[in-house]
Amino acid sequence: MQKQITEIAGMIEGIIYRSDETGYVVARASLDDGDEVVITGTMPFLGAGERIVAQGEFTNHPKHGPQFNVLTYSREMPTSISGIYEYLASGTIKGIGAKTARAIVTAFGDKTFDVLANSPEDLIQIRGISLPKAKDMGESFRRLNSMKLIMDFLGQYKLPPYISATLFKTYGTAALELLKANPYILCEKGFDVDFYEIDRIAADLGFTKDCIERLSAGILYELSFNAENGHAFIPEDKLIEATASLCEVEEDQLFEPLEDLLEKRKVIQDVVKGHDVCYLDYLYRCETFIADEVHRLCDMTVVAPGNLDKLIARTEKAHGIAYGEGQKDAVRMCFENALSLITGGPGTGKTTTLLCILELLEANGLRFMLAAPTGRAAKRMSELSGKEAKTLHRLLESVFDSAQGTVAFRRDRQNPLDTDVIIVDEASMLDLMLASSLLDAMKPHARLILIGDADQLPPMGPGSFFSELLACPNIAKTRLTEIFRQAQGSDIVINSHMINGGEMPPLMKNDGDFYFAKARSAEGTASAVLTLITERIPLRFGIEPEDVQVICPSRQLACGTAALNAMLQERLNPPAPDKAEIKYGSVIFRTGDRVMQIKNNYDMLWRRLDAAEVGTGVFNGDTGVIVHIDVPSRILVIRYDDKEAEYTFDEVNQLEHAYAITVHKSQGSEYPAVVMPLFAAPSRLLTRSMLYTAVTRAKKLLVIAGREDVVAKMIETNKKNKRFSALKLRITGVVGNA
């Protein structure tokens, strides 16, 4: 049913609720026609006494009664003395309450706002207001006024209000003026605004299609877009071609803006294999720094214990196990080199090797730290080793620099990690930025051990750090290939190695822990997934639905995550009177839903359930359950394992349902049971590494539902999407100063 949009106009009489963080307001308004109404919506820093003209819809809240939900609005600051008093008395300005507001308005009348903005020192004539307090009041007024104007401007173009905070912290009170002078500043890192959205604003402000601001922004947008798709750089000719298409201009019109960006060092140019290439400045710094650090580690002298083989034998005897030769080689390597790589598929003994390394490190008095890229991977590392493991963001003590719109780490060259050895699991997930930050936080004598499966999908971010290191002949590495006896009883392990080797596993065997359910249509495949999760798997294997993860190659089509999440939510967590819910676009979030964070939020506050610990940071790929929704307060609480994070309703755009997730989002995680629908998907996603990564996420049970020929096609398609990265070339001395 289509919404009935209505316009209202009137005066704000009072503020019932306000969130300065999100701009959400509940207020009483006296309308021009004599009626009074409660209005709700995102109207940053709205104050009593302001006049508002708003478009929206009348609703009937089940608890609070009739309300007007504001969709768009315009407003005017009060000009009458009574209106100015109401505005100040409502608590909008920090440090000013009703009593102080009356004294200020009595002294300055209709000049009050001018005094606050331009000569706040005049406030000291009022009893009880000192000069520092007066300056604070003036700064608070100017800040709120600037933020309000920025938010109002963004609101005209339906851009999210949180952008205003980053704009204000970056550019101060000049932010709005700069934004109007060049809206393409929103293309810079930290704002996350789509180029086409900015284009729409710029066109409205009179910017031409071929202006240098637009063309420069187009170049930066193409570099950023390709970085999100894994590329550290773009060949200059491809960059020019892509930007010309994006901006709908001739290629020769882009040479001047590119030269300008090169002069400003926002873009860095280099030569790779005889081709001119272009980097975003920070990616160039990351890649060259990593190459330098790898050289330093490879050149570092490390003296291994003289009795290392005896120590390994003693560990074997103590635990009643016999290490394979590859495992022994890996252990020796880690004590003989400052940089060591261990790779291998499931069942090849990576964990057993790690446990031996940890035992011998302790025996030799060497301190170590364990880490992994994701929370689930770090938790699994802790459980397997009995030692504390942290996410890399937590290990490096991440903080969000809102002034720059970037993440920073407290641990760096000036404040390094106090340890002798750092061991990172799931190292194939490290992109250039995270790898660079890790190396920057190491003491000069510290060693680094990277453990991962090089045949899994590359990291979500730019570069292929682990794979490129493995391809360098001068870096110490061990590839574990022997499948140990305890793993040979698992069809998941055996079949994953067959898949990785290009062989078709026996899908119709259907016993053990690897099953195939044939389906004749996409709808039939989706129906099979529902039946498997809600009936067949719980009844036959005793694995409850909450321990089954659906993993899909794609987000689209009938067997993609979008469609399956809607179906699974309806079946596993249907609406009920005791379950609060909210709607975001076409998606409903409900108490009890399984959800995933889909972007890094370094400011998100969390509280640990079993300890008096508070921290910040919820990261892309973290999954949890909605445990509480408070509709009147517009608050939603999500439990992530042993901690809870509180979201405002304006932050739910950072969430999506996680009953079904993509293979990329499953990296670094392990689940008791995995169901993988394979009927149809874009051909670029039907690859061997995609299938292999999904299969190796299952711990106890793997079920593929769909078409046998799709499985065969994925196994046959061993092409890896080429990423533009020069890390290996820099390490091996082909590029740059390496």
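The values are calculated or read from the model by the stated rules, or taken from the named source; none is laboratory data. In this text the structure is predicted, and so the values were computed from the model without any measurement. Ideal geometry is used to build each Cβ from the backbone, glycine not excepted, and the neighbour counts take in all protein chains shown. Accessible surface areas use protein heavy atoms only, side chains included; no ligands, DNA or RNA. Shrake-Rupley method; radii C 1.70, N 1.55, O 1.52, S 1.80 Å.
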Problem - Criterion violated by Gln667 - all others in (1) within 30 Å of Arg285 (Cα to Cα); (2) surrounded by 23 or more Cβ atoms within 10 Å (Cβ to Cβ); (3) at pLDDT 95 or above satisfied - result: (3)
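Counting residues that are farther than 30 Å from Glu646 by Cα and open to solvent by 10 Å² or more (accessible area, probe 1.4 Å), which helices (runs of 4 or more DSSP H) fully inside the range 495-608 reach at least 3? Explain how you work it out, then say what you get.
Working: elements: 522-531, 537-541, 561-572.
Passing ranges, in order: 522-531, 537-541.
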Practice task
Only residues in the range 487-510 that are more than 19 Å from Asn718 (Cβ to Cβ) count as the first member; pair them with residues that are of a type in the set (Gly, Ala, Ser) and open to solvent by 60 Å² or more (accessible area, probe 1.4 Å), Cβ under 8 angstrom, at least 6 apart or cross-chain, and list the lot.
Solution key: none
Practice task
Can you confirm whether the range 644-656 contains a residue that is of a type in the set (D, E, K, R) and free of Cβ contacts under 8 Å to residues at least 40 places away in the same chain?
Solution key: yes
Handout entry: Residue that is surrounded by the fewest Cβ atoms within 10 Å (Cβ to Cβ) [pool: residues in the range 132-167 that are over 23 Å from the mean Cα position of the chain (by Cα) and among the aromatic types (Phe, Trp, Tyr)]
Key = Tyr157
Problem - Enumeration of residues in the range 448-475 that are open to solvent by 20 Å² or more (accessible area, probe 1.4 Å) and either without any contact (Cβ under 8 Å) to a residue 60 or more places away in the chain or within 17 Å of Asp329 (Cα to Cα) (or both) - result: Ser467, Leu470, Pro473, Asn474
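Whether any residue in the range 241-256 is in a loop (DSSP other than H, G, I, E, B) and touching a Lys or Arg at 6+ places or on another chain (Cβ under 7 Å) is what I want to check.
Taking the range 241-256 and keeping what is in a loop (DSSP other than H, G, I, E, B), we get 248-250.
Next cut, touching a Lys or Arg at 6+ places or on another chain (Cβ under 7 Å) only: 248-249.
Yes; the residues of the range 241-256 include at least one that is in a loop (DSSP other than H, G, I, E, B) and touching a Lys or Arg at 6+ places or on another chain (Cβ under 7 Å).
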Fill in the blank from the handout: Picked from the range 171-180 (must be in contact with a Leu (Cβ under 9 Å, 6 or more places away or on another chain) and open to solvent by 20 Å² or more (accessible area, probe 1.4 Å)), the residue modelled with the lowest pLDDT is Tyr171
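The rows are residues; the columns are (1) acidic (Asp, Glu); (2) at pLDDT below 95; (3) open to solvent by 50 Å² or more (accessible area, probe 1.4 Å); (4) more than 30 Å from Tyr221 (Cβ to Cβ).
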position: Gln253; (1), (2), (3), (4): no, no, yes, no
position: Gly274; (1), (2), (3), (4): no, yes, yes, no
position: Val302; (1), (2), (3), (4): no, yes, no, yes
position: Ala318; (1), (2), (3), (4): no, yes, yes, yes
position: Leu358; (1), (2), (3), (4): no, no, no, yes
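Just give me the residues in the range 199-223 being part of a loop (DSSP other than H, G, I, E, B) and either modelled with pLDDT under 90 or on the phi < 0 side of the Ramachandran plot (or both), in sequence order.
Initially, the range 199-223 is screened for residues part of a loop (DSSP other than H, G, I, E, B), giving 205-211.
Leu205, Phe207, Thr208, Lys209, Asp210, Cys211, listed by residue number.
Just to be sure, is Ala371 surrounded by 18 or more Cβ atoms within 10 Å (Cβ to Cβ), hydrophobic (A, V, I, L, M, F, W, C), at pLDDT 90 or above and farther than 18 Å from Cys356 by Cα?
Values: surrounded by 18 or more Cβ atoms within 10 Å (Cβ to Cβ): yes; hydrophobic (A, V, I, L, M, F, W, C): yes; at pLDDT 90 or above: yes; farther than 18 Å from Cys356 by Cα: no.
No, not satisfied.
Check Val105, Val70 and return the single one that is open to solvent by less than 50 Å² (accessible area, probe 1.4 Å) and in contact with a strand residue (DSSP E or B) (Cβ under 9 Å, 6 or more places away or on another chain).
Details: Val105 fails: in contact with a strand residue (DSSP E or B) (Cβ under 9 Å, 6 or more places away or on another chain).
Of Val105, Val70, the one residue that is open to solvent by less than 50 Å² (accessible area, probe 1.4 Å) and in contact with a strand residue (DSSP E or B) (Cβ under 9 Å, 6 or more places away or on another chain) is Val70.
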Exercise for the section: Answer yes if at least one residue in the range 342-355 is open to solvent by 60 Å² or more (accessible area, probe 1.4 Å), of a type in the set (Ser, Thr, Tyr) and either more than 13 Å from Leu448 (Cα to Cα) or not in a loop (DSSP other than H, G, I, E, B) (or both), and no otherwise. Expected result: no
Problem - Among residues of the range 224-240, those that are at pLDDT 95 or above, open to solvent by 20 Å² or more (accessible area, probe 1.4 Å) and outside any helix (DSSP H, G or I), counted - result: 1
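Please determine whether any residue of the range 190-198 is in a loop (DSSP other than H, G, I, E, B) and modelled with pLDDT of 95 or more.
Quick first cut of the range 190-198, residues in a loop (DSSP other than H, G, I, E, B) only: 190-194.
Now narrow it down to the ones that are modelled with pLDDT of 95 or more: none.
Scanning the range 190-198, I find no residue that is in a loop (DSSP other than H, G, I, E, B) and modelled with pLDDT of 95 or more, so the answer is no.
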Practice task
Kindly indicate whether Ala726 is among the hydrophobic types (A, V, I, L, M, F, W, C), within 15 Å of Asp491 (Cβ to Cβ) and under 28 Å from the mean Cα position of the chain (by Cα).
Solution key: no
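In the range 92-137, which residue that is touching a residue at least 40 places away in the same chain (Cβ under 8 Å) and touching a Leu at 6+ places or on another chain (Cβ under 9 Å) is farthest from Ile15 (Cα to Cα)? Reasoning before the result, please.
Initial filter on the range 92-137 (touching a residue at least 40 places away in the same chain (Cβ under 8 Å)): 92-96, 136-137.
From what's left, touching a Leu at 6+ places or on another chain (Cβ under 9 Å): 92-94, 96, 137.
On the way: Thr92: 9, Ile93: 13, Lys94: 15, Ile96: 15, Met137: 20 Å.
Result: Met137.
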Problem - Lone unmet requirement of (1) open to solvent by 50 Å² or more (accessible area, probe 1.4 Å); (2) touching a residue at least 24 places away in the same chain (Cβ under 8 Å); (3) in a strand (DSSP E or B) for Thr79 - result: (3)
Problem - Unique match (being of a type in the set (S, T, N, Q), in contact with a helix residue (DSSP H, G or I) (Cβ under 9 Å, 6 or more places away or on another chain) and free of Cβ contacts under 8 Å to residues at least 40 places away in the same chain) among Ser683, Ser725 - result: Ser683
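One line per residue, one yes/no per condition, for (1) surrounded by fewer than 18 Cβ atoms within 10 Å (Cβ to Cβ); (2) without any contact (Cβ under 8 Å) to a residue 12 or more places away in the chain; (3) in a strand (DSSP E or B); (4) under 34 Å from the mean Cα position of the chain (by Cα):
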{"residue": "Gly14", "(1), (2), (3), (4)": "yes, no, yes, no"}
{"residue": "Arg28", "(1), (2), (3), (4)": "yes, no, yes, no"}
{"residue": "Val53", "(1), (2), (3), (4)": "yes, no, yes, no"}
{"residue": "Gly56", "(1), (2), (3), (4)": "no, no, yes, yes"}
{"residue": "Glu86", "(1), (2), (3), (4)": "no, no, no, no"}
Exercise for the section: Name the single residue, out of those in the range 272-299 being more than 28 Å from Leu339 (Cα to Cα) and not in a loop (DSSP other than H, G, I, E, B), that is nearest to the chain's Cα centre (by Cα). Expected result: Cys278
Exercise for the section: Would you check if there is a residue in the range 323-340 being buried (at least 23 other Cβ atoms within 10 Å of the Cβ), over 17 Å from Met381 (Cα atoms), in contact (Cβ under 8 Å) with a residue 60 or more places away in the chain and in contact with a Gly (Cβ under 8 Å, 6 or more places away or on another chain)? Expected result: yes
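Condition test on Thr481, is it closer than 28 Å to Met300 by Cα and more than 27 Å from the chain's Cα centre (by Cα)? It would help to see each step written out before you state the result.
Numbers: closer than 28 Å to Met300 by Cα: no; more than 27 Å from the chain's Cα centre (by Cα): yes.
Here the answer is no, as Thr481 does not meet what is asked.
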Completion exercise
Residues in the range 86-123 that are among the basic types (Lys, Arg) and closer than 14 Å to Ser140 by Cα total 1
Exercise for the section: Pull up the range 573-612, narrow it to residues that are farther than 27 Å from Met460 by Cβ and in contact with a Phe, Trp or Tyr (Cβ under 9 Å, 6 or more places away or on another chain), then point me to the one that is modelled with the lowest pLDDT. Expected result: Lys583
Handout entry: In the range 589-605, the residues that are touching a residue at least 40 places away in the same chain (Cβ under 8 Å) and not basic (Lys, Arg)
Key = Phe589, Asp593, Val595, Met596, Gln597, Ile598, Asn600, Asn601, Tyr602, Asp603, Met604, Leu605
